[in-house]
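Report on one structure; see the data block that follows.
The values are calculated or read from the model by the stated rules, or taken from the named source; none is laboratory data. Note that the structure is a prediction, hence the values are computed from the model and not measured. Cβ sites come from the backbone with ideal geometry, for glycine too, and all protein chains shown count toward neighbours. Keep in mind that these areas ignore ligands, DNA and RNA; they rest on the heavy atoms of the full protein, side chains included. Shrake-Rupley method; radii C 1.70, N 1.55, O 1.52, S 1.80 Å.
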Number of protein chains: 2
Amino acid sequence: MWIEPCHGGVGSRTMRSMSDLPKTPAPAIPGEPERISVKTPIPGPRTEELRRRHGAVQDARTVHVYQDAKRSLGNYLVDVDGNVILDVYGHIACVPIGYNHPDLLAAWKGGRFDWCAGYRPALGIAPSPEWVDIVTGAMARIAPKGLPRLVTVTTGAEAVENAIKAAFVLLARRRRGGKGPTDADLADSMRNDQAMANGFKVISFQGSFHGRTLGALSLTRSKAIHKVDFPAFAWPTVPFPANRFPLAEHAESNRATEARSLEAAEAVFKANPDNVAAIIVEPIQGEGGDCHASHDFFRSLRKMARAHGAAFIADEVQTSGGSTGTFWAHEAWGLDDPPDIVTFSKKLQIGGYYCREELFPAEPLRIFNTFLGDPLRLAQLEVIVEIMERDRLIENARITGDFLVNSLEGLAARYPGVLSNARGRGTFAAVDARDPATQAKILEHLRLAGVEGGGSGTRSLRFRPANVFLPRHVAEAIGVLEDACKKVA
Amino acid sequence: MWIEPCHGGVGSRTMRSMSDLPKTPAPAIPGEPERISVKTPIPGPRTEELRRRHGAVQDARTVHVYQDAKRSLGNYLVDVDGNVILDVYGHIACVPIGYNHPDLLAAWKGGRFDWCAGYRPALGIAPSPEWVDIVTGAMARIAPKGLPRLVTVTTGAEAVENAIKAAFVLLARRRRGGKGPTDADLADSMRNDQAMANGFKVISFQGSFHGRTLGALSLTRSKAIHKVDFPAFAWPTVPFPANRFPLAEHAESNRATEARSLEAAEAVFKANPDNVAAIIVEPIQGEGGDCHASHDFFRSLRKMARAHGAAFIADEVQTSGGSTGTFWAHEAWGLDDPPDIVTFSKKLQIGGYYCREELFPAEPLRIFNTFLGDPLRLAQLEVIVEIMERDRLIENARITGDFLVNSLEGLAARYPGVLSNARGRGTFAAVDARDPATQAKILEHLRLAGVEGGGSGTRSLRFRPANVFLPRHVAEAIGVLEDACKKVA
């Protein structure tokens, strides 16, 4: 099976009248601004004043704008200069239901989170019953099929670090014929001198992003500035398919690039017999250029991992939470044999992973830390999930996303020297600019015109709006992007 | 200078009448339970029922009790079976002002955290002005002397990972004669094949705990079960001084063990010229056995790091937040030349570190991640700091801690076959049991009698109460511990 076209095909009908917009089941957010309103240059003078003050203590160079936290609503970020900005970036894909959703605030005001107010617990020592209710309730409801076990931590990097640790534990046990560590293994570990474990490897893909702690960073291969000057484990990497879009026009070359990636992966497995604990892959390479692969590709990869006894880890830190049109992006692959581990963070408010029973260590305390997440953020996630279910926000992401990708394709068709390779699943979408300089120019135009966007890889524009992003917001964003195209054409 | 005796010397006056208790400036928490109340075995039937339910999804084997989050108050943890438990462990040292401090709850109810209610931000992209107020206000007020720069992350492990990354960046720049990475360095990094960086090392001490992500775990040397089966960087380790207590009785042998540790550290520096980016040390080894060293020892270590051009990292994840009698444990060392980096987490609610200007990378985005902390927990920390200042809780920890350590010494004197090596700074205290089996028996007695405690290393009992722990709580805990001593004697 090839990538499901989650959009209506190649067209050029980007701008329509409001009555012509696709219908979605998601309600508008009461009180949400009607449109962008730009009052100053962005970043504006109050942002720059705050940046100076902030920059004396923290690194403030990366800040786009300082946000008026309480005035922001729905898809509109309000900055401290009073600019009302349409947000298609969502704090690097972390905003599931927009800003200050009235029902989330009502839950807050109504006391629903008060049990988390009075201290931050070590959840492995003395969690409270409300925590148990959430992990056996909402968290079990959203669990990927076939993965009954849940490990909560705090960030995506910690999710990946612990996921590969679980894979190492399983591989070590298998290598010992089903037994736990020997006394010699324990002694060696205290000297960082375990002959077997130090030979263990995890395969990742070129262009991937899996986090920035040293273990996770050894898997990350998107940008050198993330990695340079830091020691890394000598783990192998495989090229990710260099698919091009629209798919129909490039079917043959895409199949060939996917085949080459699979051959390279197979070669790495063969070159490292008994030492590959896991292969980790993002459903869409969300930082390294929004690279997609076909469902067939992922199914083949899953089979390959099974054949070589390696854990298959779907890193869904960025793709989870519904924006791709399914709660988990890997659902679309139609696997008979689910992934062994699926990681999450970002829209899910804390990090963690789901896994199969056999990836759950037999011994306690091997996958453990002090906080193991944060009940306050997970309690908020419970409400977020309820709102997503009630308002059919995943269906909304699918419908709105189709319209978004279709509109991007339309723009690419009309500005062929500027944009190309429109692609996406749900609202998790992207389009390539001509080159890095054009990417920068377009992002600057978006920013000044009141659209908060972000880059992916060296020349892609990435769309990571909240799941309350509606067709009318698509129309508004595409209008601004079209202006940018005219300018740089 | 030797370790300041922060207690009154060896005595045996463990139990006193209430009127004889030391006076502290800290007020009692209104409504706090007057004493322990045990109604069931601990863990009780409702905890075991919840453990079964919880254990179907998460690892519930490590849970001591399920906590009634809203009924817990001050130093007393109330569990789901209605047991009122005196907490001297504080969720592995994470509870700075006790449970549900009325003024923290008043701030919550009064809307002080409402700006954090409506979404979780990426703090490097669009923080809000309230964040800037906190980091330039309360966080600057508590900053270690000489360390103007602050990096916030989410956990202690991430704090350590990023601290050593900052040290690697600085070493790489020095090795290049002050220049940034070359194109060749960048290309090598994408293949995990940087000849220079892969030779970089960080020195840590045997018995230390620095976290469980693979970089931090390569530094952790407390227990093999944390490390076995996981690949580790081949970084060197040095013995931590094996000091014995009371100090006056062991002064000569303690000086000798400290001298040996320093010689070993010097030898490691010499064996790795130009490759040691940092040396990291806990002021007290809070997981690996509550090992202490003298102020002189740390001052010598700091000088040695300076001489070899390595960053000196004080890992204060567990010791920060006032319980040692100063906000930062390293304050007591009386350094002329401050540490280069001081990490924190636990009582400070989120992870992070303070550092010197030169440890702050010249290039943006090298020390970066999505969340970079959590404004909600930092906003709570701001209130916690205000309460600690107003109620003089650090002074309380000093006074109460003196009484605690003195009382532990008294017990050790009266039960010499059971307890030894009473030690501590402030309430960050410990005493050794005869052997691991005795440690386990005493911890079981404490648990059943309604005292929530924890072990450190293989045979120590660790005290990590909140900073609202008062002499009357010491008296109650010591009474229970004395019963345990009688039982196992």
Scan the range A:129-138 residue by residue and report those that are within 7 Å of chain B (Cβ to nearest Cβ) and open to solvent by less than 10 Å² (accessible area, probe 1.4 Å). A:V132, A:V135
Is there a residue being over 30 Å from B:A60 (Cβ atoms), among the β-branched types (V, I, T), touching a residue at least 12 places away in the same chain (Cβ under 8 Å) and facing chain B (nearest Cβ under 8 Å) anywhere in the range A:88-96? yes
Considering only residues that are open to solvent by less than 10 Å² (accessible area, probe 1.4 Å) and in contact with a Phe, Trp or Tyr (Cβ under 6 Å, 6 or more places away or on another chain), look in the range A:226-240 and name the one that is farthest from A:F298 (Cα to Cα). A:D229
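Mind telling me which of the residues B:E358, B:E386, B:E382, B:E363 ends up being part of a helix (DSSP H, G or I), under 23 Å from B:I313 (Cβ atoms) and not hydroxyl-bearing (S, T, Y)? Don't jump to the end; show me each part of the working.
On the way: B:E386 fails: under 23 Å from B:I313 (Cβ atoms); B:E382 fails: under 23 Å from B:I313 (Cβ atoms); B:E363 fails: part of a helix (DSSP H, G or I).
Being part of a helix (DSSP H, G or I), under 23 Å from B:I313 (Cβ atoms) and not hydroxyl-bearing (S, T, Y) holds for just one of B:E358, B:E386, B:E382, B:E363, which is B:E358.
Only one residue in B:L105, B:L123 is within 9 Å of chain A (Cβ to nearest Cβ) and in a helix (DSSP H, G or I). Which one?
Details: B:L123 fails: in a helix (DSSP H, G or I).
B:L105 is the lone residue from the list that is within 9 Å of chain A (Cβ to nearest Cβ) and in a helix (DSSP H, G or I).
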Starting from residues that are more than 8 Å from chain A (Cβ to nearest Cβ) and open to solvent by 10 Å² or more (accessible area, probe 1.4 Å), keep the ones in the range B:69-81 and report whichever is nearest to the chain's Cα centre (by Cα). B:L73
Need at least 2 residues that are open to solvent by 10 Å² or more (accessible area, probe 1.4 Å) and farther than 20 Å from A:V78 by Cβ per element, so show me which strands (runs of 3 or more DSSP E) inside the range A:407-489 make the cut, counting only ones lying wholly within it. A:419-425, A:460-463
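Would you say A:V268 is aliphatic (A, V, I, L, M), open to solvent by 10 Å² or more (accessible area, probe 1.4 Å) and under 19 Å from A:P236 (Cβ atoms)?
Working: aliphatic (A, V, I, L, M): yes; open to solvent by 10 Å² or more (accessible area, probe 1.4 Å): yes; under 19 Å from A:P236 (Cβ atoms): yes.
For A:V268, the condition - aliphatic (A, V, I, L, M), open to solvent by 10 Å² or more (accessible area, probe 1.4 Å) and under 19 Å from A:P236 (Cβ atoms) - is met.
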Residue satisfying all of: in the range A:281-308; over 21 Å from A:N254 (Cα atoms) and touching a strand residue (DSSP E or B) at 6+ places or on another chain (Cβ under 8 Å); least open to solvent (accessible area, probe 1.4 Å) among these: A:A305
Of the criteria (1) surrounded by fewer than 24 Cβ atoms within 10 Å (Cβ to Cβ); (2) on the phi > 0 side of the Ramachandran plot, which one B:K223 fails: (2)
A careful count of residues in the range B:139-161 that are over 12 Å from B:G352 (Cβ atoms) and of a type in the set (K, R) gives 2
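Would you please name the residue that is surrounded by the fewest Cβ atoms within 10 Å (Cβ to Cβ), looking only at residues in the range A:187-207 that are in contact with a strand residue (DSSP E or B) (Cβ under 6 Å, 6 or more places away or on another chain) and more than 7 Å from chain B (Cβ to nearest Cβ)?
Of the range A:187-207, the ones in contact with a strand residue (DSSP E or B) (Cβ under 6 Å, 6 or more places away or on another chain) are A:200-207.
From the residues that got through so far, the ones that are more than 7 Å from chain B (Cβ to nearest Cβ) too are A:201-207.
Values: A:K201: 24, A:V202: 27, A:I203: 26, A:S204: 29, A:F205: 27, A:Q206: 18, A:G207: 23.
Checked the range A:187-207; the qualifying residue surrounded by the fewest Cβ atoms within 10 Å (Cβ to Cβ) is A:Q206.
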Residue check for B:R112: part of a loop (DSSP other than H, G, I, E, B), more than 7 Å from chain A (Cβ to nearest Cβ) and open to solvent by 20 Å² or more (accessible area, probe 1.4 Å): yes
Within the range A:54-63, is even one residue surrounded by 20 or more Cβ atoms within 10 Å (Cβ to Cβ) and hydroxyl-bearing (S, T, Y)? no
Can you confirm whether the range B:12-21 contains a residue that is modelled with pLDDT of 95 or more and either open to solvent by 20 Å² or more (accessible area, probe 1.4 Å) or farther than 22 Å from B:G454 by Cα (or both)? yes
Name the one entry in A:E386, A:E395, A:E316 that is surrounded by fewer than 24 Cβ atoms within 10 Å (Cβ to Cβ) and touching a helix residue (DSSP H, G or I) at 6+ places or on another chain (Cβ under 8 Å). A:E386
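Return the total of residues in the range A:144-186 being surrounded by fewer than 19 Cβ atoms within 10 Å (Cβ to Cβ) and either more than 7 Å from chain B (Cβ to nearest Cβ) or touching a residue at least 24 places away in the same chain (Cβ under 8 Å) (or both). Can you show your working first?
Looking only at the range A:144-186, we keep the residues that are surrounded by fewer than 19 Cβ atoms within 10 Å (Cβ to Cβ), and these are A:145-146, A:148, A:173-180, A:182-184, A:186.
Filter again for either more than 7 Å from chain B (Cβ to nearest Cβ) or touching a residue at least 24 places away in the same chain (Cβ under 8 Å) (or both), leaving A:145-146, A:148, A:173-180, A:182-184.
Residues meeting the conditions: 14.
Take B:D337 and decide whether it is more than 26 Å from B:G124 (Cβ to Cβ), in contact with a strand residue (DSSP E or B) (Cβ under 6 Å, 6 or more places away or on another chain) and either away from chain A (no Cβ under 12 Å) or at pLDDT below 95 (or both). Reasoning before the result, please.
Values: more than 26 Å from B:G124 (Cβ to Cβ): yes; in contact with a strand residue (DSSP E or B) (Cβ under 6 Å, 6 or more places away or on another chain): no; either away from chain A (no Cβ under 12 Å) or at pLDDT below 95 (or both): yes.
Taking the combined requirement at face value, the residue does not satisfy it.
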